[in-house]
Structures are given as C-alpha cells and as structure tokens.
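Participant: Structure below; questions to follow.
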Amino acid sequence: MNIVVGVIVGLIVLMLLVVLHEAGHFIAARRSGVRVLEFGIGFPPRAVAWIKDPTTHKWRKLKKSEWSKGGVTKTVLSDENAAEIAEKTQALASSDKTPTKEKLIADGLIFSINWLPIGGFCQMDGESAADTRRGTFGKASFPKKTKILFAGVAMNWLAAFVILTVLAWTGMPTFLDNQFTVASDTRVDAAPVEVVEVVEGSPAAKAGFLTGDKIIKAGDNEVSSGSAVNSYNKEHAGKEAEYTVLRGDTTETLTATLNPDDSEYYLGIAMQSTQTLSYSTWSAPIVGAGLTLQVTGETFKGVGDLIWNLVSGVGRLFSFDSSVRESGQEAISTVGDSVSGPVGIIGVLFPSFTAAGPTNLAFLAAIISISLACMNVLPIPALDGGRWLLIAIYKLRRKKLTKEIEQKIVARSMYALLALMVVVTILDITRFF
C-alpha cells in the first residue's frame, strides 16, 4: 500500500514540477509578445479543454467535436464569427507593429487538462527559429528567445528556493556533508545514533560495543547520523579508530581496529537514529538560496563525474591490459548505479520518502526541481539549453537556421535521449528483481 501511495504522490509531484517549468515558458512568452496556442497540464489525450474566445475575450469550454477539427485554427474558424476572426488573424500576421495584448488574446489560447499525468506543455506559435511571422517564437529577438527558453529552469530553481526556505524555517533534513547553514542562526536537533546489533567476532565486538550503546563521537567528530559514523569508518579502514559512547548514564571510550577496504564491513554494527533537523529564523531565505546553489553545484559535479566515468570507462575497455579493462568495466558500472530514471524515482525514491514524512518528501521535491533545472540547461539540442546554444551559434555565424536543419538536429538529439531513457528505465526495472 505504501508503494502505491508513493507512486501516486510521485506522479503528482513530478507533474507539478514540470507544469511549473512550462508555466515559466508561458509567462515569458506572453510577456515577450509571443502567441501561446495551448497550455496543457498532463499529456494528451485530452480530458477537458477551454479556449479564450477571440471575439468576446471570454473563456468557453471546447466541445469534443471541435477537438477532431484540428486544433486552434480550425476550431476558431469553425465558429459563426469565422469571417471576423480570419480578418483579425490576417491583420495580426501582416502587421508591422508589435501585437497588442488584445490581439494576442484574440489568437485563441487553449487551456487543457489531459489524461496522462506525466508533465505538461506550452505550445507556442512558430516554435521554429526560422519562423518570421509577427508574434511567433521565431520572430522574437535573441534576448527574448533567451528569456523564454530559460524561464522554465528559472521557475524550477525558484520553486526549490521556496521549498528549501520553508524547510529551513520548519525543520531542514541533513542529507549532505557540510550542508549549507548560517551558523549564528541555526539550531540543530541532533538525534542519538544507537547500536541495535553487534556482529559476533567483529572489530566492534572485540572493542566492547554493546547493543543499546549510543555513539556520541567518532574520533574527535560529533556524531549526528549513522552516515557520519560510516564515513569515519571508511576513512580509517584497516586502522585503529576511537569512539565515544553513552552507556546508560556512563560515557565510555572504545578503540577498534577496523577491517580493511575489501571486507564485508569495517566495524560490524547496525545503527539506527531519528533524523537530524536544523532550524533557522531570519536566515531561512539565505539558507534556501545557499542550499539551492549548493545542490546545483553538486548536481553539475555529479553529471561531470558520470560523463567522465562513461567516457574513460569505454576508452579503457579497448586496452590490451586486463586490469585496465576491468577498471573500465567498474567505471561504467558506477554510471549505471548512479543514474535513476522515472521508474526509479517514482517506484523507489518517492515511496520511501513519502513513508518518511512530509518534510523528507518536500526536500526530495526541491532536489528534483533543481535536477530538472540543471538537466534543461545542458547543451543538448532537444533541451532548452541546447536549443538556445543552437540559435546562438547560428546568430554568431550570421547564418540562417532553417526549419529543416533545426528539426533534424533536435530530432536526432531527441532520439538519443529517448534511447538513453530506455536504457535507464531497464536498469531501474532490473533493480526491482
């Protein structure tokens, strides 16, 4: 049941984040004088749709019989005021002046709710950079194109900032090493890390660890989570390590000689702890902004590491040295382990974070929103950043980017992304079994 609820919550959160992204494009397009033909929540088939009537400027519900007539133009021109609408549309297309707000409204914006809850879309008029009709995306100036293309990622970063600011006020989970805080305005509710199991014959057993011990320090470092103990153990693999534990009302110092890196475990204990939360007051917006920047940097660093591991791993597979080939396979396997697609996010992450409570769920939503922003600024033609780069290159070369060239480049990039998504989805599915 928890998995089902988590999947439903995941679909809703992902859809909202994508709709926010598309809303950024929509707002920027309208403010830049670019006509928007349709703004949709979810993907077709349509469930219900409304259109802003081009003569009365009022919204009316579209009939299903009108959907089959081919979208905005045919639906609008099928109205009893077809002659008047056609005249307005022609005047708008041939006008040498910037379209007024009234003329943009007269274009017949459709708002739709669709059956597939996997995102949303903002369909602009003349999305090809080669379009020269007034009021189209192609006719917009380069600065306006830039604003429209990057408004979506800006909206995702803004959403993450708002979520993280609220969490900084109400209780921020600690997920990152050296997570950004304002020390002078941060109160940390650290939960004790309790030993719930000691492996027989392990370094922990030999050092005198007992079930129920609460680990206060690992070396000289205060312990606020089990991951802090694990990180300390990894740093001291094969060496002596010192721990301060609270046993009842007595503090004990225990010394263990940890197992080396290739062992099943370093210390040999199982731990549990409630989550550590940090609280801010006046600095909450600063923490929200700082953590958004920190996660953005970590995301780009992660993407860089993935690309490097993939490229270097493939290169090492062609070596004549068996050990080099083996290291290449390991590098490639880390890529597969580090990447998660929609199936992994919705089927694994959301159920576990939903079960952990609304605070963790909100934090996950912020992280995914930042990830969406970062992915969309990458120089891949099918994405916002890649489309902008393509337009910028042709502008610098002072050459015309034809519709045919743009479609070929974007289509091939999209095929590559879809192929990658299929591979990642297969990897996600295999993790279930």
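Quick note: the coordinates plus some simple rules give every number you see, no bench work behind them. Please read these numbers as outputs of a predicted model, since none were measured by experiment. Cβ coordinates were reconstructed from backbone atoms using ideal geometry, including for glycine residues, and neighbour counts include every protein chain displayed.
Participant: Defining a contact as two alpha carbons under 8 Å apart and six or more residues distant in sequence, what relative contact order in percent does the range 192-273 show?
Facilitator: Relative contact order here is 39 percent.
Participant: If R0 is 56 Å, what FRET efficiency do you get for E326 and K395 from their C-beta distance, rounded to 0.05?
Facilitator: So, using R0 = 56 Å, E works out to roughly 0.75.
Participant: Okay, moving on. Which order results if T250, T402 are arranged by neighbouring Cβ count within 10 Å, fewest first?
Facilitator: Ordered by Cβ neighbours within 10 Å, fewest first: T250, T402.
Participant: Over the Cα atoms of the range 192-273, how large are the radius of gyration and the largest Cα-Cα distance (Dmax), in Å?
Facilitator: 11.2, 36
Participant: Here's another thing I want to ask about it. Using Cβ counts within 10 Å as a stand-in for footprinting exposure, how do D53, D125, D261 rank, fewest first?
Facilitator: Least to most surrounded, the residues fall as D261, D53, D125.
Participant: Tell me, what is the FRET efficiency for A411 and I286 to the nearest 0.05, using R0 = 41 angstrom and their Cβ-Cβ distance as r?
Facilitator: The computed FRET efficiency comes out at 0.40.
Participant: Still on this structure, I have one more. Starting from the Cα of E242, step 7 Å along the direction of its Cβ; do the same at L293; then give the gap between the two resulting points in nm.
Facilitator: 3.7 nm
Participant: Expressed in nm to one decimal, what extension gain is obtained for the pair N178 and T251 from 0.36 nm per residue of sequence separation less their Cα-Cα distance? The partial results should precede the final answer.
Facilitator: Details: separation 73, 0.36 × 73 = 26.28 nm, distance 2.70 nm.
Extra length available between N178 and T251 comes to 23.6 nm.
Participant: Tell me, what is the percent relative contact order of the range 359-416, built from C-alpha pairs under 8 Å that lie six or more residues apart? It would help to have the intermediate numbers written out before the result.
Facilitator: Working: 33 pairs, mean separation 14.3, N = 58.
This gives 25 percent for the range 359-416.
Participant: Using Cβ counts within 10 Å as a stand-in for footprinting exposure, how do S319, S112, S369, S184 rank, fewest first?
Facilitator: Going from sparsest to densest Cβ surroundings: S184, S319, S112, S369.
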